[in-house]
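Asker: Just dropping this structure here.
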2 protein chains.
Amino acid sequence: MHYFLAAATGDHTKVLLTLFIMLVAAKLMAELFERLRQPAVAGEILAGVIIGPSLLAWAAPSEITSILAEVGVIFLLFTVGLETKPAAIFKVGKQAAVVAVLGVIAPFLCGWLLMKAWGATSIEALFVGTAMVATSVGITARVLSGMGLLDAPTARIILGAAVIDDILGLLVLAVVSSMAAGTVNYLEILTTAGLAIGFTVFVALVGAPVITRFAPGVDRLRSGHGMFILALVLCLGLSISAAYIGVAAIIGSFLAGMALAEAAEDHPKMHQQINGVTEFLVPFFLVNIGMQLRLDVFRSSSVIILSVLITLVAVVTKLLGCGLAACNLGMKRAAQVGMGMVPRGEVGIIVAQIGLSLAVIGAELYGAVLFMAVATTVIAPPFLKLLYASEAAARGAIGPPDAGGIVASGDLFKIG
Amino acid sequence: MHYFLAAATGDHTKVLLTLFIMLVAAKLMAELFERLRQPAVAGEILAGVIIGPSLLAWAAPSEITSILAEVGVIFLLFTVGLETKPAAIFKVGKQAAVVAVLGVIAPFLCGWLLMKAWGATSIEALFVGTAMVATSVGITARVLSGMGLLDAPTARIILGAAVIDDILGLLVLAVVSSMAAGTVNYLEILTTAGLAIGFTVFVALVGAPVITRFAPGVDRLRSGHGMFILALVLCLGLSISAAYIGVAAIIGSFLAGMALAEAAEDHPKMHQQINGVTEFLVPFFLVNIGMQLRLDVFRSSSVIILSVLITLVAVVTKLLGCGLAACNLGMKRAAQVGMGMVPRGEVGIIVAQIGLSLAVIGAELYGAVLFMAVATTVIAPPFLKLLYASEAAARGAIGPPDAGGIVASGDLFKIG
């Protein structure tokens, strides 16, 4: 009897079971990490490592988990955008640009040098350098939103720098990829760069005024939930547009969130509904990062050493590069900005996958870059929490001092 | 440059575009239908027919859309369960059982007779009868929740009858499927029947008291959103358990919702978050039903005639069968109950797919059963809206009488 139903629904049930395991593992590890006074984000990524193919093999990345992960990070950046007024980003624009530029140059050069010193080919060295340029702003944004610090000055700089970093990373990837393919068409690259910058600037400037004017009309729609539906359509629509233009989908959803930030203040119900979607989907994003890790390439000690070296260089170069660019703000804030740009996450993984698909890096180097992407993503959150502890304390978002700074994470919005 | 990113992310972007098209089409048709004073549900299913392979071919059912559709209807029934206290269902249990039994016998017998009269083989006739037994309670629940009438007496009867109907339908499907396969193992069928009934009764009886006792502890968890996470875990966990036991996943999520109904009253924020997930995912459920329709088999007039006949019999037998079982409540309420059981939706489609996969029905009969499943699902909502218009008016959920009864649909909860 099961058999007959299984014919039509069994595969679905298996997929649902995988999603269920991912969700439960993420939330158990998040709770454990909170109790150990560590950030939930790191726990949820490690949950993916544990249940993933490298260890327990209870779940594996698939098309479904990747899509849910992508929609999850899209909504994550959308909710971050909802908390961010465009003016606040424009104000720190210059500083963010310097942070982004130094944060691209330092890891790229040092990654390239490291690989050359290791004896890699030129194209391998270029690719590893490119993978180290990536920034996964979702991780930092998640930690800061959990601490209620998305409006801290350095948080704005990190968000602005991440947008610029993504465009710069896109250009580096385009140049290096076309070098790997044999020819570099600079005209085409310049055109797409122009499109990417034009799209970003246009939406950032025009989005908010347009939405603020049309929001009242949306409330009058018949089919209820007008603002919520507008939010969904804008979030997905701009994400897809961004992806087709060539920048990351999350840049689109972040801009969509910013465009709605003003109107969202009058719609707390919409805010909670979006928050529900985000909280449901973000665990899939985090667990999916951890599940990508492949420990089977680490049988040779040289791969282990290389992975650790790449990870070290990846951490130090962002920390120093971005930190240097923000040193006018003082040591501590410079460290906040630097650490905020450390996680490579899904962006680093995508670059590694492109390298593998172009056959310019082999399975071992791919494993090492994946390790770097996952390790930087797990390492950064605890340090971020430390670096921002006093700000969080000043806002009363943490417990009494003797409680050791337990932060109620995961609570994106303090409405209702 | 696009090319290189496309290597890693292009497929995701295409999938996201499909989801975006489904969402926008659903919401545009919902708005149009509301303006025409028709239920949004019917509009969203028709949106699927329009953008699906039969007409525009802008989107097609895939593993991703099916999974999102399944998760969507799981959350839909979960939110309906959240509005339903177990006691309210137990109170109407006997009436619901009679409705379910007559609502299974009448369509099965008449469907079988129709097919025999049409000249079909015995096994074809049995399968079409089985497909006509199915009830897609999600559609009716969506219409009634949109009207704020989930707590109407007949709504409780429909919900209870749908649960029993699903278990009976499972048994009919098991017997007919094993007849098609050659042998019927009654012991196995009885065992599974026992499991299905045991699971349903156990969760219905034990769920609510257990949750109500442990809910306060959940609020003390470190990782924030405790109740929301408990809700997600229960909803998915019981859905999957139900599916493995053999009943529909939505029975599990409905029971999970009922178990949480009491605790949910003290957690309006969790309620809004779940509502956000549901409102995001339900359009995929509705559009996916419409997208299944295949108009290409309707080139022969005999298939068209058969489809219309099957649909007519499907509507009339549920209406009369379930209505007769509820005739003690008066004509109007009996009609409400009967019409509420008419939509076959995704359940009818699954039975048709099983028939196709067992090779007991051919492509044309499959097309006719699909047509019946989609048509009953589109036909019922407008009549439901009419049949419940006076109840809705009495609760002030509709506009002034001269406005012709515009109902703000899609608004599952009236919090905040």
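Asker: If a residue has to be charged (D, E, K, R), more than 9 Å from chain A (Cβ to nearest Cβ) and in a helix (DSSP H, G or I) to count, how many in segment B:12-38 make the cut?
Answerer: 1
Asker: Moving to a separate point now. Select from segment B:160-184 the residues that are closer than 13 Å to residue B:322 by Cα and not charged (D, E, K, R) and write down the one among them that is most open to solvent (accessible area, probe 1.4 Å).
Answerer: B:164
Asker: Modelled with pLDDT of 85 or more, within 30 Å of residue B:32 (Cα to Cα) and away from every other protein chain (no Cβ under 11 Å): is that true of residue A:133 in this structure?
Answerer: Judged against the criteria, residue A:133 is not a match.
Asker: A further question on this structure: Taking residue A:212, is it part of a loop (DSSP other than H, G, I, E, B) and either of a type outside the set (A, V, I, L, M, F, W, C) or touching a Pro at 6+ places or on another chain (Cβ under 7 Å) (or both)?
Answerer: Taking the combined requirement at face value, the residue does not satisfy it.
Asker: If you check A:293, A:319, A:306, which single one turns out to be open to solvent by 10 Å² or more (accessible area, probe 1.4 Å), away from chain B (no Cβ under 14 Å), in contact with a helix residue (DSSP H, G or I) (Cβ under 7 Å, 6 or more places away or on another chain) and at pLDDT below 90?
Answerer: The conditions single out A:293.
Asker: Given the conditions (1) aliphatic (A, V, I, L, M); (2) assigned to a helix (DSSP H, G or I); (3) under 30 Å from residue A:12 (Cα atoms), and given that residue A:80 satisfies all but one, which numbered condition is not satisfied?
Answerer: (3)
Asker: Might you let me know whether segment A:326-343 holds any residue that is within 26 Å of residue A:22 (Cα to Cα) and of a type in the set (A, V, I, L, M, F, W, C)?
Answerer: yes
Asker: Can you name every residue in segment A:357-380 that is within 14 Å of another protein chain (Cβ to nearest Cβ) and part of a helix (DSSP H, G or I)?
Answerer: Across segment A:357-380, the qualifying residues are A:357, A:366, A:369, A:370, A:373.
Asker: What residue, of B:161, B:117, B:131, B:125, is in contact with a Cys (Cβ under 8 Å, 6 or more places away or on another chain) and in a helix (DSSP H, G or I)?
Answerer: None of the other options fit; the residue is B:161.
Asker: Which condition number in (1) farther than 30 Å from residue B:126 by Cβ; (2) within 11 Å of chain A (Cβ to nearest Cβ); (3) in contact (Cβ under 8 Å) with a residue 60 or more places away in the chain is the one that residue B:230 fails?
Answerer: Every condition holds for residue B:230 apart from (3).
Asker: Among the numbered conditions (1) within 11 Å of chain B (Cβ to nearest Cβ); (2) in contact (Cβ under 8 Å) with a residue 40 or more places away in the chain; (3) of a type outside the set (Lys, Arg), tell me where residue A:152 comes up short.
Answerer: Checking residue A:152 against (1) within 11 Å of chain B (Cβ to nearest Cβ); (2) in contact (Cβ under 8 Å) with a residue 40 or more places away in the chain; (3) of a type outside the set (Lys, Arg), the one that fails is (1).
Asker: Looking at the structure I just gave you, is residue A:74 buried (at least 20 other Cβ atoms within 10 Å of the Cβ) and free of Cβ contacts under 8 Å to residues at least 12 places away in the same chain?
Answerer: Spelling it out, it is not the case that residue A:74 is buried (at least 20 other Cβ atoms within 10 Å of the Cβ) and free of Cβ contacts under 8 Å to residues at least 12 places away in the same chain.
Asker: Further question on the same structure: If you scan segment B:193-233, which residues turn out to be open to solvent by 30 Å² or more (accessible area, probe 1.4 Å) and among the hydroxyl-bearing types (Ser, Thr, Tyr)?
Answerer: Scanning segment B:193-233 gives a single hit, B:212.
Asker: Take segment A:324-350 and flag every residue that is part of a helix (DSSP H, G or I) and buried (at least 24 other Cβ atoms within 10 Å of the Cβ).
Answerer: If the condition is that a residue be part of a helix (DSSP H, G or I) and buried (at least 24 other Cβ atoms within 10 Å of the Cβ), then A:325, A:336, A:337, A:338, A:339, A:340, A:345, A:346, A:347, A:348, A:349 are the ones that fit.
Asker: Residue by residue through segment B:47-69, note down the ones that are in a helix (DSSP H, G or I) and open to solvent by less than 40 Å² (accessible area, probe 1.4 Å).
Answerer: If the condition is that a residue be in a helix (DSSP H, G or I) and open to solvent by less than 40 Å² (accessible area, probe 1.4 Å), then B:47, B:48, B:49, B:51, B:64, B:65, B:66, B:67, B:68, B:69 are the ones that fit.
Asker: Given (1) without any contact (Cβ under 8 Å) to a residue 24 or more places away in the chain; (2) within 13 Å of chain A (Cβ to nearest Cβ); (3) open to solvent by 40 Å² or more (accessible area, probe 1.4 Å), where does residue B:299 come up short, assuming only one miss?
Answerer: For residue B:299, the failing item is (2).
Asker: Being modelled with pLDDT of 90 or more and within 20 Å of residue A:293 (Cα to Cα) narrows it down to one residue among A:23, A:17, A:32; which is it?
Answerer: Being modelled with pLDDT of 90 or more and within 20 Å of residue A:293 (Cα to Cα) holds for just one of A:23, A:17, A:32, which is A:23.
Asker: Return yes or no: is residue A:190 open to solvent by 20 Å² or more (accessible area, probe 1.4 Å), within 11 Å of chain B (Cβ to nearest Cβ) and without any contact (Cβ under 8 Å) to a residue 40 or more places away in the chain?
Answerer: yes
Asker: Let me ask another. How many of the residues in segment A:36-71 are on the phi > 0 side of the Ramachandran plot and free of Cβ contacts under 8 Å to residues at least 60 places away in the same chain?
Answerer: Going through segment A:36-71 one residue at a time, the tally reaches 1.
Asker: Could you check, for segment A:81-102, whether at least one of its residues is within 14 Å of another protein chain (Cβ to nearest Cβ), closer than 27 Å to residue A:209 by Cβ, buried (at least 21 other Cβ atoms within 10 Å of the Cβ) and at pLDDT below 90?
Answerer: Yes, some residue in segment A:81-102 is within 14 Å of another protein chain (Cβ to nearest Cβ), closer than 27 Å to residue A:209 by Cβ, buried (at least 21 other Cβ atoms within 10 Å of the Cβ) and at pLDDT below 90.
Asker: A further question on this structure: Could you tell me which residue of segment A:235-289 is nearest to the other protein chains (Cβ to nearest Cβ), considering only residues that are outside any helix (DSSP H, G or I) and in contact (Cβ under 8 Å) with a residue 12 or more places away in the chain?
Answerer: A:246
Asker: Let me spell it out: the conditions are (1) open to solvent by less than 10 Å² (accessible area, probe 1.4 Å); (2) of a type in the set (Phe, Trp, Tyr); (3) farther than 30 Å from residue A:225 by Cβ, and residue B:108 meets all of them except one. Which number is the exception?
Answerer: Only one criterion in (1) open to solvent by less than 10 Å² (accessible area, probe 1.4 Å); (2) of a type in the set (Phe, Trp, Tyr); (3) farther than 30 Å from residue A:225 by Cβ is unmet by residue B:108, namely (1).
The values are calculated or read from the model by the stated rules, or taken from the named source; none is laboratory data. Source: prediction; values computed, not measured. Virtual Cβ from ideal backbone geometry, glycine too; neighbours counted across all protein chains shown. These accessible areas exclude ligands, DNA and RNA; they are computed on the full protein's heavy atoms, side chains included. Shrake-Rupley method; radii C 1.70, N 1.55, O 1.52, S 1.80 Å.
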